[in-house]
Every structure is written in C-alpha cells, then in structure tokens.
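The values are calculated or read from the model by the stated rules, or taken from the named source; none is laboratory data. Fair warning: this is a prediction, and the values are worked out from it, not measured in the lab. Reconstructed Cβ throughout: ideal geometry from the backbone, glycine too, with neighbour counts over all protein chains shown. SASA here: full protein model, heavy atoms, side chains in, ligands and nucleic acids out. Shrake-Rupley method; radii C 1.70, N 1.55, O 1.52, S 1.80 Å.
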Amino acid sequence: MTVPEMLEALGGVSRDTFYKWRQTGKGPRCFALPNGELRCRKVDFVAWLEGLYGAAA
C-alpha cells in the first residue's frame, strides 16, 4: 500500500500524523523503495489495525 492509500484507509489521517507515528514506533511496518517512497504490505497494515483494536478493547 502507498502512504496515500493508508491515509485514506485510516479515514483521512494527516501525512504528518502518520510520519509521527512512524518516528515513535506506533505506525504500521513499512519498507522504503529505492526511490525513498514508503510502502506497506496490506497484511502488515491489517495486522497493525487489528492490534490497535485489541489494545482498545
């Protein structure tokens, strides 16, 4: 998934918030492409979301 796709899936979270989550280790597991763009495997994104739901319960 691209960063814009993840932001959309999160209901419009800002790019700044997403990168702050990444800096503090609270964001989903991502990897950088050779051009520097971030990507996240959909399975990793879903697992991260499920972890958030579990923590909130």
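Given a cut-off of under 8 Å on Cα pairs at least six residues apart, what relative contact order in percent is computed for the chain? Kindly include the intermediate steps, with their values, before the conclusion.
Numbers: 38 pairs, mean separation 17.8, N = 57.
Worked out over the chain, it gives 31 percent.
Cα axis of helix 42-56 to longest principal axis of the chain: angle in degrees, 0 to 90, nearest 10?
30
Using alpha carbon coordinates only, what is the Rg to Rh ratio of the chain, with Rh defined as the Kirkwood radius? Kindly include the intermediate steps, with their values, before the conclusion.
On the way: Rg = 11.1 Å, Rh = 11.7 Å.
Here Rg/Rh amounts to 0.95.
Which is the longest part of the chain that has none of the trypsin sites (Lys or Arg not before Pro) sitting in a DSSP loop with at most 13 other Cβ atoms within 10 Å? Please list the in-between numbers first.
Numbers: sites that count: K26, R29, R41.
For trypsin sites (Lys or Arg not before Pro) (loop position, at most 13 other Cβ atoms within 10 Å), the longest site-free span of the chain is 1-25.
Would you mind working out the accessible area per residue for the chain, using a 1.4 Å probe, and quoting it in Å²? Intermediate values should be presented prior to the final figure.
Numbers: 4090 Å² over 57 residues.
Computed with neighbouring chains in place, this is 72 Å² per residue.
Using a 1.4 angstrom probe on the protein heavy atoms only, line up V43, V3 by accessible area, largest first. Don't jump to the answer; show the numbers that get you there.
On the way: V43 85, V3 5 Å².
Largest accessible area first, the list is V43, V3.
Roughly to the nearest percent, how much of the accessible area of the chain is carbon and sulfur, given a 1.4 Å probe? Could you put the intermediate results ahead of the total?
On the way: 2220 of 4090 Å².
Its accessible area is 54 percent carbon and sulfur atoms.
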